[in-house]
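The values are calculated or read from the model by the stated rules, or taken from the named source; none is laboratory data. Quick caveat: nothing in here was measured; it's all calculated off a predicted structure. Here Cβ is always computed from backbone atoms with ideal geometry, including for glycine, and neighbour counts include all displayed protein chains.
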Amino acid sequence: MTDLADHLLQLQEESPVLLASFDDQGRLRYANAAYRVAYGIEDGEALSWSEVMCRNAAVNVGAAVNVGAVMDAAQIEAWIASAARIEEGGAGRTIEAKLRDGRWLLVHESVSAAGWMLSVGCDITQLRADVRAVRRDRDEALRAAHTDDLTGVANRRFVIARIAEMLERCAAGEGARVPGTLCVLDLDNFKYINDRYGHQAGDAILRDFAGRISGQVRRSDCFGRVGGEEFVLVLPDTAIEEAVVIVERMLALVRASRPLEEMPDFAYAFSCGIAAVRPEDDFEAIYGRADKALYAAKMAGRNRVQLEEPARVRDGEGI
């Protein structure tokens, strides 16, 4: 039995897993080598749990810059308070701790009925790196799925989803005093620009346009490219009269732009069709009205904003 106990103690001492036990007074009674190294405890030191944690606070580290956990005073107070709750309730907790040597630990602390606490810690540094990598990959995939590669604004899929949300809110009677407005914007004479100046110049103009409009978009709005030189501006909770003011301001900004350095006199513009959300609208209906208004703007000479045709009314109902 003595041999077994000796072997167990040797295994604990040599284990990479952090092991420590604290008595019912919170005093450290055992800590293996991994625990002592991680928390900067000298062999034979009989510290309390709170003393171990406090000594690891950033303000108390002193010269031991690569020893112990990374904590500040606020963390220490929270940890000590939560440890008291563990001791009172007899429950356990699992926490992550960052060490000054760059490692991350997953630490589980449990309290016995007699009030002794066992602390077990595992190195999860690589796991955290893997999780961070997965999160980065996920975020990048989501960004790519919602972003137009050339211009960096929202793509067709994302814009359609935002239009659907605006229509759903309208159908449910949610939102502000007005349901919202949809604007379809199209660069004027873009095929001619591409043919005369080349696709590289065309791409530069698309990026300039997207950047200038994006800078004018409110947080609640959505602006994206739906194909070629066609863009969409979704304006939730915005009356059509307000939308006209917003787009006219954007049009003035674009008219003043000179996006091609090699051609300082080159200027461009866009046309826009605007439609207001109606309670019975689906995507095809509101997009169709805005697109029809855009066509009217083109036919009227381009470089302008055109509202949808007003709904005809018969016997008090739109037709």
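So here's what we get for this one:
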{"item": "Qualifying position, being closer than 28 Å to residue 166 by Cβ, part of a loop (DSSP other than H, G, I, E, B) and in the same structural domain as residue 171 (by TED's automatic domain parsing), among 279, 259, 264", "result": "279"}
{"item": "Which numbered condition residue 128 fails, given (1) in contact with a helix residue (DSSP H, G or I) (Cβ under 7 Å, 6 or more places away or on another chain); (2) modelled with pLDDT under 90", "result": "(1)"}
{"item": "Whichever residue in the range 28-56 is within 18 Å of residue 120 (Cβ to Cβ) and charged (D, E, K, R) and, among such residues, is farthest from the chain's Cα centre (by Cα)", "result": "29"}
{"item": "Tally of residues being surrounded by fewer than 19 Cβ atoms within 10 Å (Cβ to Cβ) and within 27 Å of residue 259 (Cα to Cα) across the range 145-154", "result": "5"}
{"item": "Hits in the range 113-163 - residues which are under 30 Å from residue 26 (Cβ atoms) and not hydrophobic (A, V, I, L, M, F, W, C)", "result": "115, 119, 121, 123, 125, 128"}
{"item": "For residue 254: the one exception among (1) under 26 Å from residue 146 (Cβ atoms); (2) assigned to a loop (DSSP other than H, G, I, E, B)", "result": "(2)"}
{"item": "Enumeration of residues in the range 226-235 that are under 20 Å from residue 168 (Cβ atoms) and surrounded by fewer than 22 Cβ atoms within 10 Å (Cβ to Cβ)", "result": "226"}
{"item": "Pick from the range 23-35, criterion at pLDDT 90 or above and in contact with a strand residue (DSSP E or B) (Cβ under 9 Å, 6 or more places away or on another chain), ranking: surrounded by the fewest Cβ atoms within 10 Å (Cβ to Cβ)", "result": "29"}
{"item": "Selection from the range 155-173 of residues that are closer than 17 Å to residue 276 by Cβ and either charged (D, E, K, R) or in contact (Cβ under 8 Å) with a residue 24 or more places away in the chain (or both)", "result": "162, 163, 164, 165, 166, 167, 168, 169, 170, 171"}
{"item": "Of all residues in the range 85-125 being surrounded by fewer than 12 Cβ atoms within 10 Å (Cβ to Cβ) and among the aliphatic types (A, V, I, L, M), the one that is modelled with the lowest pLDDT", "result": "91"}
{"item": "Hits in the range 155-185 (condition: touching an Asp or Glu at 6+ places or on another chain (Cβ under 9 Å), surrounded by fewer than 21 Cβ atoms within 10 Å (Cβ to Cβ), at negative phi and not in a helix (DSSP H, G or I))", "result": "155, 174, 176, 177, 178"}
{"item": "Cross-chain or 6+ apart pairs with Cβ under 9 Å, the range 2-24 first and over 18 Å from residue 41 (Cα atoms), then surrounded by fewer than 14 Cβ atoms within 10 Å (Cβ to Cβ)", "result": "24/112; 24/114"}
